[in-house]
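Worksheet for the structure shown next.
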Amino acid sequence: DIPLEERFFASLLGPHLLRGASTNSSAPTSDVLRNARLVGLYFSAHWCPPCRRFTPMLIEAYNHLKEEFPSHGLEMVFVSSDRSSSEFSQYYASMPWLSIP
């Protein structure tokens, strides 16, 4: 384990992360990533065809790893390059992980 300062992720990603498009809720970054051992940043956008083809494969791998190795500490954070909030909302609705607001 690598010891990190408590506010390490908050200083990089901001004070709050979204918890899912369906819940429309946010939580403090330091809380939701407190037990994360591996944090992946997924840069993608609704308007990007290769991204839209890759996202379902990443979701499948993420769900498999979270199910098979729940204590591994894997978390993903979506970093959107969408051009509008409606594009972001539509695309993020398919994702099971956190997002930068």
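The values are calculated or read from the model by the stated rules, or taken from the named source; none is laboratory data. It should be emphasised that the depicted structure is a prediction, and the values quoted were computed from it without experimental measurement. Positions of Cβ are backbone-derived with ideal geometry, glycine not excepted, and every protein chain shown enters the neighbour counts. Just so you know, the surface numbers come from the protein's heavy atoms only, side chains and all, with ligands and any DNA or RNA stripped out. Shrake-Rupley method; radii C 1.70, N 1.55, O 1.52, S 1.80 Å.
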Taking the chain and counting helices only, DSSP H stretches of n ≥ 4 at -39,500 (n - 2.57) each over all residues, the nearest-500 ellipticity at 222 nm comes to -11000 deg cm²/dmol
The size of the Cβ-based charge dipole (Lys, Arg +1; Asp, Glu -1) of region 12-67 about the Cα centre, to the nearest 20 debye, is 60 debye
Reported to the nearest 10 Å², Thr55 has, with a 1.4 Å probe, an accessible area equal to 0 Å²
Restricting to Cα pairs under 8 Å and 6 or more apart, the percent relative contact order of the chain works out to 35 percent
Listed by chain and number, the residues whose amide H is under 5 Å from that of Val77, excluding neighbours fewer than 5 places away on the same chain and using placed H, are Gly40, Leu41, Tyr42
Any residue on another chain or 5+ positions along whose placed amide H is under 5 Å from the amide H of Leu17 is listed here as Ala27, Thr29
Placing each pseudo-label 7 Å from Cα in the direction of the beta carbon, Ser89 and Phe69 end up separated by a distance in nanometres of 3.6 nm
So Asp31 and Arg19, fully extended at 0.36 nm per residue minus their Cα-Cα distance, gain in nm 3.2 nm
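Is the shape of the chain best called rounded, prolate or oblate, per the rule: a/c under 1.5 gives rounded, else a/b larger than b/c gives prolate, else oblate, with a ≥ b ≥ c the square roots of the Cα gyration tensor eigenvalues?
Note, shape of the chain comes out oblate.
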For His64 the rounded accessible area (nearest 10 Å², probe 1.4 Å, non-protein molecules ignored) is 100 Å²
For the chain, the dipole about the Cα centre with charges only on Cβ (Lys and Arg +1, Asp and Glu -1), to the nearest 20 debye, works out at 240 debye
Among Ser85, Phe9, His64, the residue whose Cα sits farthest towards the positive end of the charge dipole of the chain (+1 at Cβ of Lys and Arg, -1 at Cβ of Asp and Glu, taken about the Cα centre) is Ser85
For Leu65, Leu58, the accessible-area ranking with a 1.4 Å probe, largest leading, is Leu65, Leu58
For the chain, the percent of accessible surface on carbon and sulfur atoms (probe 1.4 angstrom, ligands and nucleic acids excluded) is 55 percent
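I'd like the antiparallel share, as a percent to the nearest 5, of DSSP beta bridges with both residues in the chain.
Numbers: 4 of 13 bridges.
Bridges in the chain that DSSP calls antiparallel: roughly 30 percent.
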Helix 49-68: inclination vs the chain longest Cα principal axis, degrees, rounded to 10, gives 40 degrees
Residue-normalised value, i.e. accessible area per residue, for region 7-101 at 1.4 Å probe, in Å², stands at 61 Å²
